[in-house]
1. Membrane-span-like helices in the chain: DSSP H runs reaching 30 Å or more (Cα, own axis), mean Kyte hydropathy at least 1.0?
2. Where in the stretch 157-182 is the amide nitrogen less than 20 Å from a point lying 7 Å along the Cα-to-Cβ axis of Leu258?
3. Can you spot the aspartates and glutamates whose alpha carbon is less than 15 Å from Lys25's alpha carbon? Ignore those fewer than 8 places along the same chain.
4. Which value in nm describes the separation of the simple spin-label points at Ser61 and Ser174, placed 7 Å from the Cα toward the beta carbon?
5. Report the FRET efficiency, 1/(1 + (r/R0)^6), for Val147 and Asn183, where r is their Cβ-Cβ distance and R0 is 41 Å, rounded to 0.05.
6. Ranking request for peptides 160-170, 52-62: highest mean number of other beta-carbon atoms within 10 Å first, then the rest in descending order.
7. How much length, in nm to one decimal, is gained on full extension between Trp21 and Thr234, taken as 0.36 nm per residue of separation minus their Cα-Cα distance?
8. Evaluate the relative contact order of the chain (contact order divided by residue number), counting alpha-carbon pairs under 8 angstrom at least 6 apart; express in whole percent.
Amino acid sequence: MTAAATLPTWNPLSLWYSDGWTVTKRNLIKIKRSPDMLVFAVVQPIMFVLLFSQVYAGAISVEGTDYVQFLMAGIFAQTVVFGSTFSGSAMAQDLKEGIIDRFRSLPMSSSAVLIGRTNSDLVLNTISMVIMMLTGLLVGWRVNSSVPEFLAGVGLLLLFSYSFSWVMALLGMSVKTPEVINNASFLILFPLTFISNAFVPSDTLPTPLRVFAEWNPVSSLVQAARELFGNEGTAPVPDIWTMQNPIATVLIGITVMLVLFVPLCVRKFASISSR
């Protein structure tokens, strides 16, 4: 047997997976050492649950269902969308602190940094979802569907958050400073979450806002979650394709975001690393 024959052969796919998992663990350890990051990630959605369910529920009526049942799918969608911003802010912060330059000097896949970033944010969003659901149960929210449908709803929300993390990661690599990412993401997230059917039925909005809400991907995500959790009630659903087929709409949106933004992020990261 020759010396060359004794050398291990490495599968590029296994190396990519190993590098991605290593960066994921690094990001999770960072969260463990900075628990305030997790605290702030879940406090805001809890505040929204309490605010809308305890303060505004008496003033907002939804045909065919209790407002808390109507509300929680919107809170879940808002939580995962806002939670995706950690990818953008963390990438911007790592660029500022020079962490990306350190990664560049290591014999590792460049895309592993992005995989690790989005994977760790998926874990963070999962923890936030569990806390949000427990909070929802405390204020009267209930799941009125089967276990497979419930699990499908949770999976759809988390898969949407994962794909949206790539959008925010690209934004985080495109801004000059980490301070800018908060304002930039706000301009995207505010209309997506609040001009939607998350907190009020879209048919109560003025016509321009109603049209935007009905074609808003977050509205489709909220409607899909309501259907899968059995919280849709008997209120009429807008007669447009995205609202009549919300699960298919969300799956199409997830596919488009991953196909479009994963290559864009990898290309952007490569251009930053080569500077």
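Bear in mind these aren't lab numbers, they're just calculated from the coordinates by the rules spelled out. Small disclaimer: the values here were computed from a predicted structure and weren't measured. FYI the Cβ positions are ideal-geometry reconstructions off the backbone, even for glycines, and counts take in every protein chain you see.
1. Numbers: long enough: 12-33 (32 Å, -0.51); 111-138 (41 Å, 1.29); 147-174 (41 Å, 1.55); 246-273 (39 Å, 1.89).
Those that clear 30 Å and a mean of 1.0 are 111-138, 147-174, 246-273.
2. 157-171
3. Asp121
4. The modelled label-to-label distance comes out at 4.4 nm.
5. On the way: r = 42 Å, r/R0 = 1.01.
Given R0 = 41 Å and the Cβ-Cβ separation, E is 0.50.
6. Listed from highest to lowest mean packing, they are 160-170, 52-62.
7. Details: separation 213, 0.36 × 213 = 76.68 nm, distance 4.48 nm.
Gain in length upon complete extension: 72.2 nm.
8. 27 percent
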